[in-house]
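What follows is calculated from the coordinates using simple rules that are stated; it is not laboratory data. Bear in mind the structure is a predicted one, so any value in this text is a computation, not a measurement. FYI the Cβ positions are ideal-geometry reconstructions off the backbone, even for glycines, and counts take in every protein chain you see.
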């Protein structure tokens, strides 16, 4: 659902009529595919049970959209929290570097999509996802200027004259 969310965010830049049409098609396709997978892959043959699962999935989709939107507006910590809840299911063993890399990748993907002309976007949006999230680990591992001031280049904390 993360990729679908990113695509929907970019769709919001289209005029209202096109946005609604494209979003509706994308979401409908996703839920039709989810229902097909329930039946074929997971052998959920009961139509009523599939409908209940789809309803739960739709509620999750709406909550995910709200949480990620809030994270985009309020900052990386809020976005990381939303990803942790929705993508990693509150897991206690989540690698924070990986979580930070996904936040960075998300913002990079949105930036790449934003730079596309509308006509290019609707035919070639998948090209924005060619850069894998794990590639963002090099950015995550790079110390900021503020940390370099505290720890120096070697990563050891500098001893200030006041603490000697």
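Residue by residue, here is whether (1) more than 19 Å from residue 23 (Cα to Cα); (2) in contact with a strand residue (DSSP E or B) (Cβ under 8 Å, 6 or more places away or on another chain); (3) surrounded by 14 or more Cβ atoms within 10 Å (Cβ to Cβ) holds:
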site	(1), (2), (3)
60	no, no, no
92	yes, no, no
104	yes, no, yes
117	no, no, no
122	no, no, yes
126	no, no, no
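Would you mind finding the one in 15, 56 that is surrounded by fewer than 12 Cβ atoms within 10 Å (Cβ to Cβ) and under 21 Å from residue 116 (Cα atoms)? Break it down stepwise before answering.
Working: 56 fails: under 21 Å from residue 116 (Cα atoms).
Selected residue: 15, the only one of 15, 56 that is surrounded by fewer than 12 Cβ atoms within 10 Å (Cβ to Cβ) and under 21 Å from residue 116 (Cα atoms).
Looking only at segment 113-139, count how many residues are assigned to a helix (DSSP H, G or I), free of Cβ contacts under 8 Å to residues at least 12 places away in the same chain and farther than 22 Å from residue 103 by Cα.
Result for segment 113-139: 4.
Taking segment 1-20 as the region of interest, how many residues are in a loop (DSSP other than H, G, I, E, B) and touching a residue at least 12 places away in the same chain (Cβ under 8 Å)? Give the derivation first.
Filtering segment 1-20 for residues in a loop (DSSP other than H, G, I, E, B) gives 1, 12-15.
Checking the rest, the ones that are also touching a residue at least 12 places away in the same chain (Cβ under 8 Å) come to 1, 13-14.
Residues that pass the stated criteria total 3.
Mind listing whichever residues of segment 128-139 are more than 24 Å from residue 14 (Cα to Cα) and surrounded by 16 or more Cβ atoms within 10 Å (Cβ to Cβ)?
Of everything in segment 128-139, those that are more than 24 Å from residue 14 (Cα to Cα) and surrounded by 16 or more Cβ atoms within 10 Å (Cβ to Cβ) turn out to be 133, 136, 137.
If residue 103 passes every condition in (1) at positive phi; (2) in a helix (DSSP H, G or I) but one, which one does it miss?
The number of the failed condition is (1).
Out of (1) free of Cβ contacts under 8 Å to residues at least 24 places away in the same chain; (2) closer than 25 Å to residue 125 by Cα, what's the single condition that is false for residue 50?
Result: residue 50 passes all but (2).
I'm checking my understanding of the structure. Among residues of segment 62-75 that are surrounded by 15 or more Cβ atoms within 10 Å (Cβ to Cβ) and over 15 Å from residue 34 (Cβ atoms), which one is nearest to the chain's Cα centre (by Cα)? Give the derivation first.
Let us first name the residues in segment 62-75 that are surrounded by 15 or more Cβ atoms within 10 Å (Cβ to Cβ), namely 64-65, 67-69, 71-72.
Remaining after also requiring over 15 Å from residue 34 (Cβ atoms): 65, 67-69, 71-72.
Values: 65: 10, 67: 11, 68: 7, 69: 10, 71: 10, 72: 10 Å.
Taking the candidates together, the pick is 68.
Taking segment 7-55 as the region of interest, how many residues are within 19 Å of residue 86 (Cα to Cα) and within 20 Å of the chain's Cα centre (by Cα)?
Just the residues of segment 7-55 that are within 19 Å of residue 86 (Cα to Cα), to begin with: 7-9, 27, 30-31, 34, 53-55.
If we keep only those that are within 20 Å of the chain's Cα centre (by Cα) as well, we get 7-9, 27, 30-31, 34.
Residues flagged as within 19 Å of residue 86 (Cα to Cα) and within 20 Å of the chain's Cα centre (by Cα) within segment 7-55 amount to 7.
Of all the residues that make up segment 21-46, how many are touching a helix residue (DSSP H, G or I) at 6+ places or on another chain (Cβ under 9 Å) and in a helix (DSSP H, G or I)?
Count: 10.
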